[in-house]
Amino acid sequence: MRIVLLGPPGAGKGTQASAIVKKYNIPHISTGDIFRANIKEGTALGVQAKEYMDKGLLVPDELVVSIVKDRLTKEDCKNGFLLDGFPRTVNQAEALDVELNAMGIKLDGVVNIEADSQILIERAIGRRICKECGATYHIKFNPPKFEGLCDNDKTPLFQRDDDIEETVATRIKVYENQTQPLIEYYDKKGLILNVDGIKPIDEVFNIIVKALEK
Ligand code: ADP
Ligand code: ADP
């Protein structure tokens with residue numbers, strides 16, 4: 001299964017991605033996670049990316065595309081992959097098409113998770129993540145068993161630097177201007193699977209699986 005997950009910040013891409021990759025046994029490729037890991041390790045890429053991420057802006061295409069191209073050639077992508085948060089611009093989508101063509105493979109579907117901006121802001125602001133294992137929680141909608149601690153490894157949870165209201169609002173605008181055109185881009189290729197992201201986490205997952213297996 002070769003899947004792209006599209007959707008505004010806070011729509012539930014990362015949450016659904018974790019469940020989808022478990023079901024289909026494919027790697028989860030999140031460009032946001034790759035950048036956050038680089039920031040944590042203090043790499044040159046991390047330093048460059050942080051400047052944009054903290055403002056809620058997209059990291060320049062040149063920095064993102066080569067990372068994804070490289071990742072797709074790894075052995076574990078042979079039987080499929082899930083791209084979460086990539087592509088985010090038409091330019092990135094075109095670069096992905098070129099790469100997939102060169103590899104002689106095609107996407108099976110582009111899952112577009114939809115939710116309105118009021119919900120997105122509430123979700124992003126209440127999001128808490130585990131720096132150790134990457135698990136995502138929500139203080140209200142998906143709380144950990146013990147307050148403030150990861151269920152998997154008991155690591156203290158933290159709030160992403162870009163999950164403050166003002167930055168989330170910028171990210172939603174950036175999504176509308178730069179990423180939303182991808183819905184039409186992939187719709188023309190007959191790949192778009194629209195999913196109502198307002199429903200509870202389990203329900204959204206069931207809808208996605210049904211859509212992918214149709
Ligand atoms: P994205 O990767 O699209 O930015 P996340 O998967 O990180 O979104 O979800 C954003 C926040 O909303 C997280 O705190 C997550 O726990 C919560 N969340 C995700 N999906 C749902 C849902 N269907 N209903 C309620 N809360 C959700
Ligand atoms: P969300 O889906 O909640 O916006 P992500 O973790 O996917 O969160 O992305 C966080 C930030 O990382 C983005 O706001 C952007 O600065 C950067 N980023 C992630 N993926 C890309 C991409 N494909 N192109 C450009 N910037 C990206």
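No value in this document is a laboratory result; all are computed from the given coordinates. What you see is a predicted model; the values in this text were computed from it and never measured. Virtual Cβ from ideal backbone geometry, glycine too; neighbours counted across all protein chains shown.
With a 4.7 Å Cβ cut-off, tell me which Cys residues in the chain come up empty for a partner.
Taking the Cβ cut-off of 4.7 Å, the unpaired cysteines of the chain are C77, C133.
Taking the stretch 91-139, which trypsin sites (Lys or Arg not before Pro) meet the DSSP loop condition and have no more than 12 other C-beta atoms within 10 Å?
Answer in residue order: K106.
Is the stretch 42-96 best put as rounded, prolate or oblate by its Cα gyration tensor, with a ≥ b ≥ c the root eigenvalues, rounded for a/c under 1.5, and otherwise prolate when a/b is larger than b/c, oblate when not?
Details: a/c = 2.32, a/b = 1.57, b/c = 1.48.
Cα axes put the stretch 42-96 in the prolate bin.
From the backbone phi of the stretch 91-101, what are the Karplus-calculated ³J(HN,Hα) couplings (6.51 cos²θ - 1.76 cosθ + 1.60, θ = phi - 60°) in whole Hz, Gly and Pro given as x?
My calculation for the stretch 91-101 gives 4, 5, 5, 5, 5, 5, 4, 4, 5, 5, 4 Hz in order.
Expressed as a whole number of Å, what is the distance separating the alpha-carbon centroids of the stretch 93-144 and the stretch 58-82?
That distance is 15 Å.
Whole Å is fine, so just give me how far the alpha carbon centre of the stretch 148-214 lies from that of the stretch 1-45.
Each part's Cα centre sits 10 Å from the other's.
Please order K214, K69 by the number of other Cβ within 10 Å, starting at the fewest. Write down the numbers at each step before the final one.
Working: K214 7, K69 15.
Listed from fewest to most nearby Cβ atoms, that is K214, K69.
So what are the ³J(HN,Hα) numbers for the stretch 77-83, from phi and the Karplus equation (6.51, -1.76, 1.60; θ = phi - 60°), rounded to whole Hz, Gly and Pro as x?
8, 3, 9, x, 6, 10, 9
Using Cα pairs closer than 8 Å and at least 6 residues apart in sequence, work out the relative contact order for the chain, in percent. Please report the intermediate quantities before stating the final value.
Numbers: 308 pairs, mean separation 64.4, N = 214.
Relative contact order comes out at 30 percent.
Rounded to the nearest 0.05, what FRET efficiency is calculated for N25 and I183 with R0 set to 25 Å and r the Cβ-Cβ distance? The partial results should precede the final answer.
Working: r = 28 Å, r/R0 = 1.11.
About 0.35, to the nearest 0.05.
Hey, fewest Cβ within 10 Å first, where do S30, S66 land in order?
Numbers: S30 20, S66 11.
Going from sparsest to densest Cβ surroundings: S66, S30.
Name the shape class, rounded, prolate or oblate, that the alpha-carbon gyration tensor gives for the chain, where a ≥ b ≥ c are the square roots of its eigenvalues, rounded holds for a/c under 1.5, and otherwise prolate holds if a/b is larger than b/c and oblate otherwise.
Details: a/c = 1.36, a/b = 1.21, b/c = 1.12.
Rounded.
Mind scanning K188/K214; K40/K74; K131/K210; K23/K199; K23/K55; K69/K131 and naming the pairs with a C-alpha gap bigger than 30 Å? Please list the in-between numbers first.
Numbers: K188/K214 18 Å; K40/K74 23 Å; K131/K210 32 Å; K23/K199 20 Å; K23/K55 35 Å; K69/K131 25 Å.
Result: K131/K210; K23/K55 exceed 30 Å.
Could you tell me whether the stretch 133-192 comes out rounded, prolate or oblate from its Cα gyration tensor? Rule is a ≥ b ≥ c as square roots of the eigenvalues, rounded for a/c under 1.5, then prolate if a/b exceeds b/c, otherwise oblate. Write out the running numbers ahead of the final one.
On the way: a/c = 3.64, a/b = 1.97, b/c = 1.85.
Taking the square roots of the gyration eigenvalues as a ≥ b ≥ c, the stretch 133-192 is prolate.
Fewest first, what order do M53, M103 take by the number of other Cβ atoms within 10 Å? Don't skip to the answer; put the middle values down first.
On the way: M53 21, M103 12.
Least to most surrounded, the residues fall as M103, M53.
Could you work out the relative contact order of the stretch 107-214? I mean the mean sequence separation of Cα pairs under 8 Å and 6+ apart, divided by the number of residues, in percent. Let's see the in-between values first.
Values: 110 pairs, mean separation 39.3, N = 108.
Across the stretch 107-214, relative contact order equals 36 percent.
If you filter the stretch 123-214 for chymotrypsin sites (Phe, Trp or Tyr not before Pro), then keep DSSP loop positions with at most 11 other Cβ within 10 Å, what is left? Write down the numbers at each step before the final one.
Numbers: sites: Y137, F141, F146, F158, Y175, Y185, Y186, F205; in loops: F141, F146.
When the chymotrypsin sites (Phe, Trp or Tyr not before Pro) of the stretch 123-214 are filtered for loop state and at most 11 Cβ neighbours within 10 Å, F146 remain.
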